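Report on one structure; see the data block that follows.
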Amino acid sequence: MTTPAPPHNRAPLMSLDDAMVSLLAHAEPLQSTDRVSTFDADGRVLAQDLVSALQVPPNDNSSMDGYALRAADVTEIGRVLPVTQRIAAGHAGEPLEPGTCARIFTGAPMPAGADAVVMQEDTVEVGGNIHGVHIQVMPQPGQWVRRAGEDVTRGAVVLARGERLSPASLGLAASLGLAHLSVVARPRVALFSTGDELVMPGDVPPEAMKAGNIYNSNRFFLRALLHRMGCEVSDLGIVPDNRAATLAALKTAADHHDLILTSGGVSVGEEDHIKPAVQQLGSLDLWQIAMKPGKPFAYGTVKRGAGADLAATETCHFIGLPGNPVSSFVTFLLLVRPFLLRLQGVNAVAVQATTLPAHFTLSKADKRREFLRVRRNAAGGLDLFPNQSSGVLTSVAWGDGLVDNPAGSTIAHGDAVSFISFADLLA
Ligand code: AMP
Ligand code: MG
């Protein structure tokens with residue numbers, strides 16, 4: 001008996017991990033940088049290490065409102081010390097005479113000689129001709145004192161090149177006196193959709209849609225996802241389904257962008273103009289990735305400089321996402337997101353999965369690694385969206401993450417599964 005030849009569209013599938021390695025191998029970090037106000041740097045990626053030119057805090061200072069003193073001067077509880085000075089935040093005091101104390105406020109520098117603060121709740125003011133306080137506790141040296149440099153030491157690398165800035169890191173940079181930061185340029189991405197069935201919302205009202213037409217939904221979430229990833233987006237809309245228009249769009253886009261991202265038309269054997277056009281202007285690899293949703297995926301390059309110039313060496317990246325909305329969304333998160341982070345010089349591009357109990361069953365195992373749309377419930381488990389079809393965008397809008405289910409695995413109620421949160425992916 002002879003084994004029938006496999007149909008021509010059944011190329012061996014590539015694992016998602018291998019696809020990721022191949023894709024990241026092309027993602028050389030962008031060289032250009034921007035100098036931006038620290039106020040505007042949230043989400044940007046540092047192009048240089050931030051090295052502290054000072055220590056933070058700059059001086060020993062009080063962490064309480066109270067009295068600064070020498071701990072050794074309080075030989076017994078109830079000891080009265082005269083108050084010889086008053087030091088508020090932003091003002092420097094005088095050296096502290098032995099046997100005396102200073103009224104001090106939170107953040108005020110410790111006077112020379114003082115080694116501890118007694119909080120005002122542990123004191124009683126003494127009236128009369130001397131202004132003094134009863135100290136009601138035995139102070140320990142160092143108590144309620146914030147040490148100079150306890151947050152940041154001079155010369156320390158506080159944030160490293162390749163780190164993505166968060167609101168907290170902007171505050172930290174500001175604490176070092178940095179009003180501007182050098183960050184990696186935003187990736188310039190040209191986005192377009194393909195498919196003769198696509199209609200833009202607003203162009204045709206729902207009641208007038210022709211049979212076979214659908215609204216272009218991918219364009220909306222892809223543009224928003226690109227913005228979340230810190231990209232500058234040129235939205236080229238729906239490129240007409242003919243060779244000349246596709247070539248023209250690719251050529252113009254390649255000259256001015258780092259990445260051309262398209263959706264639709266990368267399935268095997270599909271009649272479309274993207275594949276031959278990219279091949280004509282550069283190179284294209286079509287991958288069949290062993291994942292569900294999202295099997296078809298394309299990576300290529302488009303030469304810059306009128307495109308057809310064979311001597312042109314500079315190229316623009318090309319990524320073709322599948323057209324099915326859920327496949328497009330999921331492959332963006334799992335493959336395009338790390339690619340864009342790497343273009344911005346981020347090293348740690350993998351997302352952390354957490355283990356949670358499945359509050360559902362999956363009785364039918366798939367041959368491919370599956371990414372199920374799920375939602376966390378109040379009982380600490382995960383619920384499964386009932387329709388996992390790659391065309392059902394409701395599953396993504398309803399869900400708050402994905403279960404990464406290995407190929408060939410069923411899931412029983414209560415099984416520990418690997419959960420990837422959308423919030424983490426989009427942070
Ligand atoms: P394709 O990958 O082009 O074969 O498309 C696969 C499926 O996704 C088809 O049902 C298309 O109609 C649909 N599709 C392609 N592009 C879009 C889009 N931009 N918005 C919504 N659905 C799309
Ligand atoms: Mg199509």
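Computed extension gain for Ser283 through Ala348, at 0.36 nm per residue and net of the alpha carbon distance, reaches 20.6 nm.
When a/c is below 1.5 the answer is rounded, else prolate if a/b is larger than b/c, else oblate, so apply that to the range 354-426 with a ≥ b ≥ c taken from the square roots of the Cα gyration tensor eigenvalues.
Rounded shape, in that the Cα axes give a/c under 1.5.
Calculate what fraction, in whole %, of the accessible area of the chain sits on carbon and sulfur atoms when a 1.4 Å probe is rolled over the protein chains.
Details: 10900 of 20670 Å².
Exposed carbon and sulfur together represent 53 percent of the surface.
Local charge for Met119 was computed over the other residues whose Cβ lies under 13 Å away, with Lys and Arg +1 and Asp and Glu -1, and equals -2. Ordered by 1.4 Å accessible area with all protein chains kept, His180, His413, His359 run largest first as His413, His180, His359.
Of the residues Val83, His131, Leu286, the one whose Cα sits farthest towards the positive end of the charge dipole of the chain is Leu286 (charges of +1 on Lys and Arg Cβ, -1 on Asp and Glu Cβ, taken about the Cα centre).
Charge tally around Leu425: other residues with Cβ under 11 Å, Lys/Arg +1 each, Asp/Glu -1 each, net 0.
Below 13 Å, Cα to Cα, which aspartates and glutamates can Lys292 reach? Residues fewer than 8 away in the same chain don't count. By straight Cα distance, Lys292 reaches Asp366, Glu370, Asp404.
According to the Kirkwood relation over distinct C-alpha pairs, the hydrodynamic radius of the chain is 26.2 Å.
For the chain, the residue among Gly399, Leu333, Val21 whose Cα projects farthest onto the positive side of the dipole built from Cβ charges is Val21.
Quote the relative contact order of the range 61-146 in percent (integer), defining contacts as alpha-carbon pairs under 8 Å separated by 6+ residues. Present the calculation step by step, with values, prior to reporting the outcome.
Working: 230 pairs, mean separation 35.0, N = 86.
Answer for the range 61-146 is 41 percent.
When DSSP beta bridges are restricted to pairs lying wholly in the range 354-426, around 95% turn out antiparallel. Contact order for the chain, expressed relative to its length and based on alpha carbon pairs under 8 Å spaced 6+ residues apart, stands at 15 percent. Straight-line reach from Lys275: taking Cα to Cα under 18 Å and skipping same-chain neighbours fewer than 8 places apart, the lysines in range are Lys251, Lys295, Lys303. Its relative contact order, with pairs defined as Cα atoms under 8 Å and 6+ residues apart, puts the range 354-426 at 44 percent.
The range 120-241 gives an Rg/Rh value of 1.42, both radii derived from C-alpha positions and Rh following Kirkwood. Ordering Ile214, Ala253, Ala174 by the projection of their Cα atoms onto the charge dipole of the chain, which places +1 on the Cβ of Lys and Arg and -1 on the Cβ of Asp and Glu, puts Ile214 at the extreme positive end.
The values are calculated or read from the model by the stated rules, or taken from the named source; none is laboratory data. Keep in mind that what you see is a predicted model, and the values were worked out from it rather than measured. Neighbour counts are summed over all protein chains in view; Cβ atoms, including those assigned to glycine, are modelled from backbone coordinates with ideal geometry. Accessible surface is based on the protein model in full, side chains and every heavy atom, while ligands, DNA and RNA are left aside. Shrake-Rupley method; radii C 1.70, N 1.55, O 1.52, S 1.80 Å.
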